[in-house]
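Here the structure is laid out as structure tokens; the discussion comes afterwards.
The values are calculated or read from the model by the stated rules, or taken from the named source; none is laboratory data. Please read these numbers as outputs of a predicted model, since none were measured by experiment. Cβ placement follows ideal geometry from the backbone for every residue including glycine, while neighbour counts extend to all protein chains displayed.
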Amino acid sequence: MNARFSERGWRLDRLDSAVLIVIVVLLLALGLTVARGSQIGLMITAYAPRDSGSIHPHIQISFDDPVDLTSVQAALSIDPPVLGSFTASGDSRTVSFIPSETLTVGQSYTVHLKAGVVSTQTERSLKDDQVWSFRIRQPRVTYLGTDPNNQLVQNIFLADPDAPDSAQQLTFSTTGVIEYDPSPDGSKIAYSEFQQTGNNNLFVWDASTGKSTLLFDCTNAVCNNPVWSPDGKQIAFERSEISANGTGLGVSRVWLLEVGSGNVRPLLQDSQQIGYAPEWSPDGSKVALFSVSAGGIVVHDMATDTDRVINSAYGEVGVFSPDGKWLAFPQMVEVQEKAYAAHFVLVDMNSDFLTQSDIIPTDDPSNDVEGTWLNARTLIVARQAPFQSSTGGIRPGPQLYRLDVDTGQATPLFDEPNYTNGNIAVSPLQDKVAFQRFELGRQGARTEIWTLDLATGKLIQLANNALLPKWIP
């Protein structure tokens with residue numbers, strides 16, 4: 001501000017007076033805005049789930065300001081009561097409550113958020129109590145299917161396991177979905193999509209909007225097999241570089257994507273180590289993958305960034321048990337002279353030396369070509385007659401069995417040798433199995449998606465010309 005000094009002291013001219021008035025007015029307006037903002041209070045911009053939720057929901061509340069997490073913890077309650085933990089997004093604008101228990105199908109839950117949640121950026125606080133309810137839906141089956149008008153392009157479909165006519169198409173790719181994985185809370189689906197440029201990009205479908213958005217642009221690379229971490233914050237995926245002249249595809253390596261930031265990096269310290277088929281442990285502390293260069297299954301510790309190797313030549317990672325204690329993986333054994341079979345082996349993930357134990361005797365002719373856990377002591381396996389190099393012909397297709405890992409006792413779930421069965425997926429409620437099957441010897445047969453009720457034995461066909469069933473909670 002310019003001021004003129006005279007013998008009478010300070011004297012402001014007209015311009016200086018006008019500037020001073022403007023400043024005073026602006027300060028008053030700013031004060032009124034702050035006061036008005038404090039009166040309006042903190043605003044909720046979004047919340048989920050709204051009408052229905054999964055058995056493993058992430059209860060999320062988003063605000064228009066960063067908020068103090070402890071004030072949300074003090075203000076939030078659920079009826080009936082649910083145990084769980086709180087997390088906040090990187091910008092502290094979204095708070096999530098993650099139940100530590102499976103919620104009850106058909107039960108309504110009411111979320112209460114009392115007034116008093118405070119912003120960490122302004123003096124604003126939530127002025128009014130907020131209440132909403134949602135009902136828990138039963139898990140549903142997703143799969144890759146085709147439109148009757150275009151049977152060359154695959155998209156993701158969703159169906160009620162008890163109602164085959166309920167199928168609805170979720171994605172509408174014109175080039176084709178390759179692989180996919182539902183998020184642990186069922187609110188999103190990550191998938192790889194073929195691009196006309198020759199690469200595969202990663203996308204995410206959001207249940208709240210019904211729309212897909214680009215998750216990661218895999219420029220000059222093919223990205224496949226996205227797999228969510230148990231907390232939904234990260235996605236492991238396979239990445240293969242396309243050669244400079246575009247004529248060849250490099251080997252696969254496992255990368256990691258941070259969902260919140262979109263940042264990507266190689267999973268392993270040795271970024272050049274070959275690997276595929278990432279598999280998260282149930283608590284998210286480990287990622288297993290198969291690496292030919294390492295000579296077997298690499299188990300990567302996320303906290304220490306270190307690796308341990310389980311020697312295997314079979315080429316498959318296997319599956320973690322629901323409690324994370326065991327990794328079950330297949331090994332090829334010679335059960336008789338020139339007769340071979342795959343047997344599942346258990347690895348104790350809590351032991352210092354990754355101690356292994358057989359489920360069935362080495363000379364047992366049972367051939368378990370695929371398996372997944374039903375519960376902490378039981379596997380569902382696809383079992384087939386052992387391969388014999390000296391014989392030809394078509395063997396009966398793999399059938400589904402319930403395999404007790406303590407006794408090695410296998411109980412058939414059905415016996416339809418004219419079908420080959422695989423791609424087994426167990427419902428989060430452990431009451432049903434979805435699987436892929438193909439009828440042998442029938443001209444024009446296509447892969448089909450079926451469900452099996454483990455209590456009643458009832459089989460239901462969900463889809464024809466479809467594959468890769470998974471459950472969305």
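Observations on the structure shown:
- Close pairs (7 angstrom Cβ cut-off, 6 or more residues apart or separate chains): more than 16 Å from residue 417 (Cβ to Cβ) in region 358-385, assigned to a loop (DSSP other than H, G, I, E, B) and of a type in the set (Gly, Ala, Ser) anywhere: 359/408; 360/366; 360/408; 373/321; 376/321
- Of the residues making up region 363-379, those that are at pLDDT below 95 and part of a loop (DSSP other than H, G, I, E, B) are 363, 364, 365, 366.
- Number of positions in region 418-439 that are among the acidic types (Asp, Glu) and either within 15 Å of residue 379 (Cα to Cα) or in contact (Cβ under 8 Å) with a residue 24 or more places away in the chain (or both): 1
- Unmet requirement for residue 261, which otherwise passes all of (1) at pLDDT 95 or above; (2) in a loop (DSSP other than H, G, I, E, B); (3) loosely packed, with under 12 Cβ neighbours inside 10 Å: (1)
- Residue match in region 401-417 (condition: of a type in the set (Gly, Ala, Ser) and free of Cβ contacts under 8 Å to residues at least 12 places away in the same chain): no
- Residue 103 falls short on exactly one of the conditions (1) in a loop (DSSP other than H, G, I, E, B); (2) without any contact (Cβ under 8 Å) to a residue 40 or more places away in the chain; (3) surrounded by 15 or more Cβ atoms within 10 Å (Cβ to Cβ), and that condition is (2).
- On the stretch given as region 288-320, residues that are over 18 Å from residue 240 (Cβ atoms) and in a strand (DSSP E or B) total 14.
- With respect to the conditions (1) surrounded by fewer than 16 Cβ atoms within 10 Å (Cβ to Cβ); (2) over 30 Å from residue 193 (Cα atoms), residue 130 lacks only one, and its number is (1).
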